[in-house]
Amino acid sequence: MSRTIFFLSLFMLAVLDELPGEVPFNAMGEMAGEVRTHSAILQTRLTAVPERDAQGEVKGAAGWACFEVSPVENFDGSWFTSWRRALPENDYYIKELVGGLAAGTRYFYRVHIGAQPGQSGRVGPRRTFATAPEPGSLRNVTFAVVTSHRYQNLDHPQGFESYAALSRLRPDFIILTGDNVYYDSDQPVAVDLETCHLHWHRIYSLPRLVSFFGLVPGYWMKDDHDYRFDDADPYMPAREGGSPDDLLGRRIFLEQVPVPEKTYRTVCWGAGLQVWFPEGRDFRSPNDLPDSPAKTMWGVEQRRWLEQS
């Protein structure tokens, strides 16, 4: 009898796991990152609620999602990426590297969300990005560079005033050069996975930023405050009271924004513009190491790549 009950329990658990649940939301919007001539990374995060709470936190939710992509604004002739499952171990993010795109072309995309794969129960708003032109072509390019999303300096409840201005400029892309959040000085100080997540959620759920990144693709870099703490290197012990360690700092950055695993890279926008994104934290020598030719911020491999590229 006990064995029968055991197998019946397993069967019921399997059935419950397949039953449709509530369809999640996408309160943090969508982002396009690492736009190249023929590819881009699309990202969304599934949430249990349609908007942020008073503290700026947005609770995540398990579910399924895919992206619909089209070169036409009304999505005629669109195609769909594979359905992906959002899970707590990746903070409920869905990311997709979309390839086979045409150079110098504007694309439109939107997220489809379901409680089960293939069952679209919610469709997100239309977002857009443009691919980089062919390397040999010469064209005008407008881009923006920002840094230091310090939450305590928030100058409008909907998001920083600078993003309202940038939305009117409508650049081809934006470069975020680090300090996307401030683990060590914005309250509460980040000491673990949960508090690190809060810092990212409350910045990138701001309505102005959600709107902006739905229109403009980005290239993200990390620095010290969004990695561990001020002037941190991989070897420093935790600060008094706690702080992210090196592995956690690297992991969360890769999780929260649409970037490749190798965070130093370069991109060309036609024949007139090439941009390099060095990695200034992962390969650093300890800050207190005596100065010598062996002391490095970039590491041997990255320096060789920079010289060659």
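Overall, the chain carries a charge dipole of about 960 debye about its Cα centre when +1 sits on the Cβ of Lys and Arg and -1 on the Cβ of Asp and Glu, all other atoms neutral. Name the residue, out of Thr37, Thr296, Thr131, whose mean-square fluctuation peaks in a Gaussian network model built on the chain with Cα pairs under 10 Å. Comparing Thr37, Thr296, Thr131 in the GNM, the peak value goes to Thr296.
Treating r as the C-beta distance of Ala238 and Phe80 and R0 as 35 Å, the FRET efficiency rounds to 0.20. Can you tell me how the range 196-297 classifies by the Cα gyration tensor, rounded, prolate or oblate, using a/c under 1.5 as the rounded cut? Oblate is the answer for the range 196-297, as a/c is 1.5 or above yet b/c matches or exceeds a/b.
For the range 149-154, backbone phi angles converted through the Karplus equation (6.51, -1.76, 1.60; θ = phi - 60°) give residue-by-residue couplings of 7, 8, 5, 5, 9, 4 Hz, Gly and Pro being listed as x.
DSSP assigns beta bridges within the chain; of those with both partners inside it, close to 80 percent run antiparallel. Bridging of Lys262 to lysines at a Cα separation below 19 Å is possible for Lys95, Lys222, once same-chain residues fewer than 8 apart are set aside. Taking Glu22, Glu161 and ordering them by how much accessible surface each has at a 1.4 Å probe, largest first, produces Glu22, Glu161.
The order of Trp200, Trp64 by accessible area, most exposed first and with a 1.4 Å probe, is Trp64, Trp200.
Comparing Ser211, Ser292, Ser39 in a Gaussian network model of the chain (Cα springs below 10 Å), the most mobile by mean-square fluctuation is Ser292.
From a point 7 Å beyond the Cα of Asp246 in the direction of its Cβ, which residues of the range 269-309 have a backbone N at a distance under 16 Å? In the range 269-309, the label zone of Asp246 (backbone N under 16 Å from the point 7 Å along Cα→Cβ) covers 279-290, 295-302.
Could you tell me the relative contact order of the range 216-272? Use alpha-carbon pairs under 8 Å, at least six residues apart, and round to a whole percent.
33
How would you classify the range 57-167 from its alpha-carbon gyration tensor, with a ≥ b ≥ c the square roots of the eigenvalues: rounded for a/c under 1.5, else prolate if a/b is greater than b/c, otherwise oblate? Oblate. Per residue, the average separation of C-alpha pairs within less than 8 Å and at least 6 apart gives the range 151-309 a relative contact order of 21 percent. Considering only Gln119, Gln152, Gln256, the mean-square fluctuation computed in a Gaussian network model of the chain, springs between alpha carbons under 10 angstrom, is largest for Gln152. For Tyr92, the residues whose amide H sits under 5 Å from its own are Leu87, ignoring neighbours fewer than 5 places away on the same chain, with H placed 1.01 Å from N. What the Cβ-Cβ distance of His156 and Arg36 gives, at R0 = 30 Å and to the nearest 0.05, is a FRET efficiency of 0.35. Under the criterion of Cα pairs below 8 Å and six or more residues apart, the relative contact order for the range 59-173 equals 22 percent.
Projecting the Cα atoms of Ala232, Pro278, Gly218 onto the charge dipole of the range 198-309 (Cβ charges, centred on the Cα centre) puts Gly218 farthest toward the positive pole. Summarising the label geometry, the points placed 7 Å from Cα in the beta-carbon direction at Arg304 and Asp288 lie 3.1 nm from one another. Of the GluC sites (Glu not before Pro) in the range 185-285, the ones in a loop by DSSP (not H, G, I, E or B) with at most 13 other beta carbons within 10 Å are Glu240, Glu261.
The values are calculated or read from the model by the stated rules, or taken from the named source; none is laboratory data. Fair warning: this is a prediction, and the values are worked out from it, not measured in the lab. Methodologically, a virtual Cβ is constructed for each residue, glycine included, from the backbone with ideal geometry; neighbour enumeration extends over all protein chains shown. What goes into the accessible areas is simple: the full protein's heavy atoms, side chains included, and nothing from ligands, DNA or RNA. Shrake-Rupley method; radii C 1.70, N 1.55, O 1.52, S 1.80 Å.
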